[in-house]
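Here the structure comes first, spelled out in structure tokens, and everything after it is commentary.
The values are calculated or read from the model by the stated rules, or taken from the named source; none is laboratory data. No experiment lies behind these values; they were computed from the predicted model shown. All Cβ positions, glycine included, derive from the backbone under ideal geometry; neighbour counts span all protein chains shown. Ligands, DNA and RNA are stripped out before the accessible areas are found, and what is left, the full protein with its side chains, is counted by its heavy atoms. Shrake-Rupley method; radii C 1.70, N 1.55, O 1.52, S 1.80 Å.
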Amino acid sequence: MPIKYTTRSTGASVCASGYVVVGVYGNKDFTLSASDINDKTDGALAALIANRDLKNEVGSCVLLPLASGIKARRVVVVQLGPRKKFDQANLNKAINGAAAMIARLEPDSIAVFIGDMAIESRSTAYLARRVVEIFSAHLYKFDQLKKEQKKSRRQWQVQIAVDSRAAQKELQQAVETGKAVAEGVCLARDLGNLPGNICTPTYLANTAKDLETHDNMSVQVLEEDEMAELGMHSLLSVSRGSREPAKLIIMNYTGDASGSAPIALVGKGLTFDAGGISIKPAGAMDEMKFDMCGAAGVIGAMQAIASLKLPVNVLGAVASSENLPDGAANKPGDIVTSMAGLTIEILNTDAEGRLILCDALTYIARFKPQTVIDAATLTGACVIALGKHCSGLFSNSDELAEEIITAGEMSDDRAWRMPLWEEYQAQLKSNFADVANIGGRDAGAVTAACFLARFTEDYRWAHLDIAGTAWNTGSKKGATGRPVGLFVQYVLNHLNRDSQS
Ligand code: BES
Ligand code: MN
Ligand code: ZN
């Protein structure tokens with residue numbers, strides 16, 4: 001059930017929401033809303049803090065139970081850390097802390113007071129948007145495949161509250177933006193979480209087709225025969241080992257009628273990656289249903305961009321297949337010819353992502369994109385290098401790399417740049433073809449990116465290796481929706497830049 005987000009501008013003490021969330025800087029420095037609550041409750045909040053119930057760690061929360069003098073049933077007090085240290089990182093920790101507590105308590109109406117939470121160079125509107133995104137992320141559930149779904153869930157109401165009417169105006173649009181991003185993230189998570197037997201390349205194509213209900217969005221799906229005609233033998237070599245037909249999904253969003261060159265987002269959409277003949281070990285192989293999270297990120301971002309009607313042209317491209325062992329599957333040593341004409345020696349059939357992406361990256365050049373960003377769960381080596389905190393970022397443009405790093409910080413969907421130096425290209429040498437599809441043990445994430453770089457020389461390009469960031473493992477196993485946040489933020493920043501110039 002969708003969450004209803006609204007804005008309000010009354011004081012915290014008169015707010016009749018079930019739960020009110022207010023922040024405290026350290027243990028003496030109250031935000032306006034925290035002081036308001038404290039004043040009307042005869043100092044109950046100060047007493048709680050004097051009792052050391054609120055930890056110093058940013059994002060820690062404590063519940064002020066039933067208090068008289070205020071209208072809300074409960075108050076959640078969240079630790080913001082020292083006011084002068086309140087920055088992007090602390091904002092994320094604080095809102096995540098509050099949202100995690102709220103998600104456990106499952107109240108039906110919540111008001112989050114952000115009026116007095118300021119970070120340098122970020123507007124209140126930005127803060128509001130982040131609150132919507134973070135709360136939605138915590139309230140997300142994936143129970144559509146269980147017999148007993150949580151039917152008890154009511155319509156949740158989340159209010160983003162500030163202390164004045166002037167500030168409230170600015171918030172409306174921000175809340176809408178936050179909702180669109182959050183819904184894009186949810187879509188990406190749903191697609192990621194769906195199993196391989198449901199979420200096939202055809203399923204992804206149908207989901208993308210559904211986006212045509214948005215204005216200025218047209219979706220075209222290239223079938224295997226069309227791809228063969230275009231010479232995409234690298235991509236098709238992967239799907240030959242599967243009974244599910246491959247799809248190349250092109251989502252064309254034309255929000256800018258002036259016809260400016262599009263930003264292209266490209267996603268790896270392996271709806272299941274067993275490794276092919278170079279089959280993976282059995283342990284945790286189920287997680288290879290998440291090997292389409294790059295594709296999910298592109299589809300989620302396209303939905304958000306279209307529903308916000310952003311005045312920009314964005315092309316979304318998803319290359320989708322399964323990678324399975326079969327009599328017709330690629331064999332180690334096979335040589336295929338890519339659409340670009342480069343021949344590829346497939347030394348490991350499990351390095352399939354680059355085989356399908358290279359043809360998609362060649363194909364989209366015909367749309368004359370001004371920038372191309374691909375997202376792919378490309379290498380286990382990237383997870384070894386960077387863990388699960390940031391995506392690996394590779395780019396042939398320093399300027400683009402900086403823009404993506406900034407967008408990642410703003411959306412709490414960070415990326416860290418890795419090298420794409422010529423020296424690494426030597427690892428991809430093949431005795432029999434133009435290029436090998438693997439580069440040995442060293443620097444596996446880099447050589448995978450180097451492989452893609454051979455196909456992207458003609459445009460401004462960046463590659464995001466999201467193998468570590470696209471899903472969580474263990475008891476929290478599930479798709480994260482990354483990099484939808486980064487993608488949409490990138491486009492929003494691009495629009496601001498243009499309107500300033
Ligand atoms: N989808 C995997 C990458 C992956 C593995 C992501 C584990 C997250 C967790 C990709 O297709 C793959 O199998 N890559 C190989 C490349 C190798 C054969 C050069 C890998 O990382 O092991
Ligand atoms: Mn693989
Ligand atoms: Zn893969």
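Key figures for this structure:
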| quantity | calculated |
| --- | --- |
| Where the stretch 3-176 is the region considered: accessible area per residue in Å², 1.4 Å probe | 48 |
| For the chain: rounded, prolate or oblate by the Cα gyration tensor [a/c cutoff 1.5] | prolate |
| Burial order of peptide ranges 409-415, 17-23 (average beta-carbon count within 10 Å, highest first) | 17-23, 409-415 |
| Above-threshold pairs, the threshold being 28 Å between Cα atoms, out of Lys147/Lys268; Lys147/Lys388; Lys309/Lys368; Lys55/Lys476 | Lys147/Lys268; Lys147/Lys388 |
| Distance violations [Cα-Cα > 30 Å] among Lys4/Lys71; Lys84/Lys141; Lys85/Lys179 | Lys84/Lys141 |
| Listed peptides 309-317, 355-363 by packing density, highest first (mean Cβ within 10 Å) | 355-363, 309-317 |
| Of all accessible heavy-atom area on the chain, the percent that carbon and sulfur account for (1.4 Å) | 50 |
| Protection proxy ranking of 4-11, 173-180, 141-148 - average other beta-carbon atoms within 10 Å, highest first | 173-180, 4-11, 141-148 |
| The stretch 3-176 shape via C-alpha gyration tensor axes, a/c threshold 1.5 | rounded |
| Counted charge near Ala16, where neighbours are those whose Cβ lies closer than 11 Å (Asp, Glu -1; Lys, Arg +1) | +3 |
| For the chain: relative contact order, % (alpha-carbon pairs under 8 angstrom, 6 or more apart) | 14 |
| Degrees between helix 201-210 axis and first principal axis of the chain (Cα, 0 to 90, nearest 10) | 50 |
| The chain: angle of helix 165-193 to the longest principal axis, Cα-based, in degrees nearest 10 | 40 |
| Antiparallel content of DSSP bridges confined to the chain, in %, to 5 | 40 |
| FRET E, pair Ala426, Glu223, Förster distance 22 Å, beta-carbon r, rounded to 0.05 | 0.05 |
| Charge-dipole axis of the chain as Lys and Arg at +1 and Asp and Glu at -1 on Cβ define it, positive-most pick from Ala103, Phe272, Gly43 | Gly43 |
| Label-point gap, in nm, between Trp416 and Asp286 - each point 7 angstrom along Cα→Cβ | 3.0 |
